[in-house]
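Here the structure is laid out as structure tokens; the discussion comes afterwards.
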Amino acid sequence: MSHEHVTVAEEEYLQMLFWLYEANLPMTGANLARAMQLSAPTVHEMIGRLERDGYVTRARDKSISFTDAGRREAEEVTSRHRLIERFLTDTVGVPWDEVHEEAERLEHAMTPRFEAFVRASVGDAATCPHGHPIRVGERVAGVPLADCEIGAEVHVLRLENEAEDLLHYLMDAGVGPGLEGKVSVSDDEHVTIAAPDGSEHTLTRSVAETVTVRADPSPPPRTAIPAEQLVLGKDRYGR
């Protein structure tokens, strides 16, 4: 299948499936429905279309896998999305907590000519403003901030859930990719990063589950954020 045959709806689903794949979360209809805040019948119908069009396969246990064509399309739309986010932030000046939804509107209509312009504009930028690799497959390993012990030195790598209301919360808290500091509070309710400049950045523990960091000492790696963290956006799904 060529890019011209992929519908906008199929691209949306392939991109969300790739988000589950990158996060090491099970690629299932149930997780897809939860993440996209859609009904099970709606998701089941679209998965059937993706299967008929040759983008995914389904196993007996209902798990979903990409075909080669599906993986290629998923990677392409994901890369375009992240590229546009970086362009809008660095070149246009859109704040990083507002850029995700704008990129959603543009990614499906990007022409090869415009994509070449955007790539030239962002130069050697390696990630989107939320820390995800533009060249998919170059994801840096990390651990959830919520798992880090008091006293751990941390460097924020990425924000796993890009629902806009959550990004607003993180922006207000001053927590974004590149933030460095030491975990000064970690209890049942909150996690706080104390930065070298004396500022403190406090998140609820549930949000700290979605912030990936490099830590020293590092807790054991964990392959998946909790299922309840698949959705944090009020109006739209998060990635």
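Where in the stretch 1-65 are the helices (runs of 4 or more DSSP H), entirely inside, with at least 3 residues that are crowded, with 16+ Cβ neighbours inside 10 Å and small (Gly, Ala, Ser)? Show your work before the answer.
Details: elements: 8-22, 29-36, 40-52.
It comes to 29-36.
Residues that are out of contact with any strand residue (DSSP E or B) (no Cβ under 7 Å at 6 or more places or on another chain), over 18 Å from THR202 (Cα atoms) and buried (at least 22 other Cβ atoms within 10 Å of the Cβ): does the stretch 121-131 have at least one? I'd like the intermediate steps shown before the answer.
Taking the stretch 121-131 and keeping what is out of contact with any strand residue (DSSP E or B) (no Cβ under 7 Å at 6 or more places or on another chain), we get 121-125, 128-129.
Now restrict to residues that are over 18 Å from THR202 (Cα atoms): 121-125, 128-129.
Cutting the leftovers down to buried (at least 22 other Cβ atoms within 10 Å of the Cβ) gives us 128-129.
Yes, the stretch 121-131 contains a residue that is out of contact with any strand residue (DSSP E or B) (no Cβ under 7 Å at 6 or more places or on another chain), over 18 Å from THR202 (Cα atoms) and buried (at least 22 other Cβ atoms within 10 Å of the Cβ).
One residue is enough: does the stretch 161-177 have a residue meeting the conditions of a type in the set (A, V, I, L, M) and more than 28 Å from GLU102 (Cβ to Cβ)?
First pass over the stretch 161-177, keeping only residues of a type in the set (A, V, I, L, M): 163, 166-167, 170-171, 173, 175.
Filter once more, so that each one left must be more than 28 Å from GLU102 (Cβ to Cβ): none.
The answer is no; no qualifying residue exists.
Of the residues that make up the stretch 78-86, is at least one within 13 Å of MET16 (Cβ to Cβ) and either touching a residue at least 60 places away in the same chain (Cβ under 8 Å) or assigned to a loop (DSSP other than H, G, I, E, B) (or both)? Taking every residue of the stretch 78-86 in turn, at least one turns out to be within 13 Å of MET16 (Cβ to Cβ) and either touching a residue at least 60 places away in the same chain (Cβ under 8 Å) or assigned to a loop (DSSP other than H, G, I, E, B) (or both).
Pick out the one residue from ALA125, ALA120 that is in a loop (DSSP other than H, G, I, E, B), small (Gly, Ala, Ser), modelled with pLDDT of 90 or more and farther than 30 Å from GLY48 by Cα. Full working, then the answer.
Working: ALA120 fails: in a loop (DSSP other than H, G, I, E, B).
So the residue among ALA125, ALA120 that is in a loop (DSSP other than H, G, I, E, B), small (Gly, Ala, Ser), modelled with pLDDT of 90 or more and farther than 30 Å from GLY48 by Cα is ALA125.
The values are calculated or read from the model by the stated rules, or taken from the named source; none is laboratory data. Bear in mind that the values here come from a model prediction, so they are computed numbers and not experimental data. As a convention, Cβ positions derive from the backbone with ideal geometry for all residues, glycine included, and neighbour counts pool all protein chains shown.
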